[in-house]
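Have a look at the structure below before the remarks.
The values are calculated or read from the model by the stated rules, or taken from the named source; none is laboratory data. Please read all numbers here as calculations on a predicted model, not as lab measurements. Here the Cβ positions follow ideal geometry from the backbone for every residue, glycine too, while neighbour counts run over all protein chains shown.
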Amino acid sequence: MMGMDPRQMKKLMRQLGIRMEELEGVKEVVLRLEGKEIVLKEPAVTVMVVQGEKTYQIVPGSEEVREVLEIPEEDVQLVMEQTGADRETALKVLKETKGDIAEAILKLSGE
């Protein structure tokens, strides 16, 4: 296959039932993992369709890893019940205290 003309390659792929297309205008792709996100900025994304199945190939321009703190709804409810705070405030303080329920309750109780 070395030295094969790109047009010949496309024709051969079509004959094999393989379609490829470049997705234009992709700004970022986010992979959400437990406890973190991987953000791929300005990626080149190619979609390959083989027998009706899609495969995405992603080549990032740059990569950024972000830590993500997920606060369980039960924790938010507990802080709300114990302090009388609204949901938004309880969630904000839980994030500030990195999910520490006791510290969030103390902070909202003014102690």
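Okay, residues lined up against (1) more than 31 Å from the chain's Cα centre (by Cα); (2) surrounded by 13 or more Cβ atoms within 10 Å (Cβ to Cβ):
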site	(1), (2)
4	yes, no
7	yes, no
16	yes, no
25	no, no
33	no, no
40	no, yes
49	no, yes
52	no, no
59	no, no
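Checked against the criterion of being in contact with a strand residue (DSSP E or B) (Cβ under 9 Å, 6 or more places away or on another chain), at pLDDT 90 or above and surrounded by 10 or more Cβ atoms within 10 Å (Cβ to Cβ), region 66-88 has no qualifying residue.
The set of residues in region 57-99 that are in contact (Cβ under 8 Å) with a residue 24 or more places away in the chain and within 30 Å of residue 14 (Cβ to Cβ) comprises 58, 60. In this structure, residue 48 qualifies as more than 30 Å from residue 95 (Cβ to Cβ), touching a residue at least 12 places away in the same chain (Cβ under 8 Å) and not hydroxyl-bearing (Ser, Thr, Tyr).
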